[in-house]
Amino acid sequence: MNFRSDNCYGVAPEIADAVWAANQGTDSSYGDDRITARLKARFSEIFDHEVYVYPVISGTAANALALATLVPPHGAILCHAGSHIAVDECGAVELFTHGAKLVGLEGANGKLAPAIVETALARFEKGSVHHPQPSAISIIQATEVGSIYHRGEIAALSGVARANGMKLHMDGARFANALATLGCAPAEITWRAGVDVLSFGATKNGAMGAEAVVFFAKGDVRDFDYRRKKSGHLMSKMRFVSAQLEAYLDDGLWLKLASRANAIAAQLAEGLAGVDGANLAHPVEANEVLVHLPDETAARLRKAGAVFYDWEPPRAGRTLIRLVTSFATPAQDVANFIRIAKG
Ligand SMILES: Cc1ncc(COP(=O)(O)O)c(C=O)c1O
């Protein structure tokens, strides 16, 4: 019963096969191979727009490189206080931007909203050398607490970004999970809603190690190529990363995998509704379930072999835990988890 992370699960067979297929013969290195060459067209088709796509091998690299390309060292990036870039990336964005300031903001269900951003913006005087200059808003899709941004919410944030000369970045480590729930075209929640750059995740949803930075306007790409090389993220055998991304998108595999992970999370949430003292902390809209559990229930589950993270330290006899599901989480694990939780 592993609910620690979708990262704990393996690779979708279709993606493993694609890596194996890419292993035949030789090809050019450093992204000049045939598979990487096909990616631009494939992503452009998926996003219904000409896009500029750059494979990297970690979400941290995608976020840090994307933001460093769009934000100057004296810039400020407004993000949720609990966002991955602010809490879990060891200051990578600050390093790669050469010191831009991350401004963490509170918002319900792990999300930012225009009023929250506007209030924060009022604290920074435009043109004053004493203040970092707000340069980007960064949002997560799906969020760290399993909620998702709807199209209108993204468009509203992009309106604030535009009005203030800022860019909108989306950390899409779980982009497929959000998309599977929304059931809309990828364009609707990216460039059509005003997203300038997307960290497109695949690893958590069945790839072995493949992410991509996707720019929606050529002008925003700027010196990205050099930054990726200088940071050590221009892989010499990039075809194996690109092969994963290609297989991920083929025949809607990415959405099939994400739909399965989401369905398992929904089953967990449904089952938890029948557990004494269990309270969902946020809407379950993707593949993460944040739930307050009585400490004795959490302890019983752990004793029975379930693994999951505490999201907050225990308080007043209960703990907020996070349960993450994957395309490969066995349905039986959900049934067992709920049975044990019921005691
Ligand atoms: C929302 C989010 N963004 C980015 C990342 C970073 O991915 P990586 O661990 O590949 O650097 C993660 C990983 O947990 C994540 O949850």
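The values are calculated or read from the model by the stated rules, or taken from the named source; none is laboratory data. This is a predicted model, so every value here is computed, not measured. Reconstructed Cβ throughout: ideal geometry from the backbone, glycine too, with neighbour counts over all protein chains shown. These area figures cover heavy atoms from the full protein model, side chains too; ligands, DNA and RNA do not enter into them. Shrake-Rupley method; radii C 1.70, N 1.55, O 1.52, S 1.80 Å.
Some points to look at:
- Heavy-atom accessible surface of the stretch 150-202: percent carbon and sulfur, 1.4 Å: 51 percent
- Cβ-based net charge around His131, under 12 Å, with every Lys or Arg adding one and every Asp or Glu removing one: +2
- Spacing of the two label points (7 Å from each Cα toward its C-beta) at Ala113 and Thr26, in nm: 6.0 nm
- Dipole magnitude of the chain, debye to nearest 20 (Cβ charges: Lys/Arg +1, Asp/Glu -1, about Cα centre): 320 debye
- Ordering of 158-168, 56-66, 144-154 by packing [mean C-beta count within 10 Å, highest first]: 56-66, 144-154, 158-168
- Its alpha carbons considered, the stretch 201-333 gives a radius of gyration followed by a Dmax of 19.5, 55 Å.
- With the simple model of a label 7 Å out from the Cα in the direction of the Cβ, Arg151 to Ala304 spans 4.2 nm.
- Whichever lysines have a C-alpha closer than 19 Å to that of Lys342, once near sequence neighbours (fewer than 8 apart) are set aside: Lys303
- Scanning the chain for long hydrophobic helices, with DSSP H runs required to stretch 27 angstrom or more by C-alpha along their axis and to average at least 0.0 on the Kyte-Doolittle scale, returns 253-272.
- Gap separating the Cα centres of the stretch 38-116 and the stretch 250-285, nearest whole Å: 25 Å
- Here the accessible area is traced with a 1.4 Å probe on the protein chains. For the stretch 15-144, carbon and sulfur cover 56 percent of it.
- Listed residue (Ser5, Ala316, Ser259) projecting farthest to the positive dipole end of the chain, Cβ model: Ala316
- Virtual paramagnetic centre 7 Å along Cα→Cβ of Arg123, amide N under 18 Å, in the stretch 152-195: 161
- Only lysines eight or more places from Lys237 in sequence, or on another chain, were considered; those with a Cα closer than 17 Å are Lys229.
- Shape of the chain, Cα gyration tensor, a/c cut at 1.5: oblate
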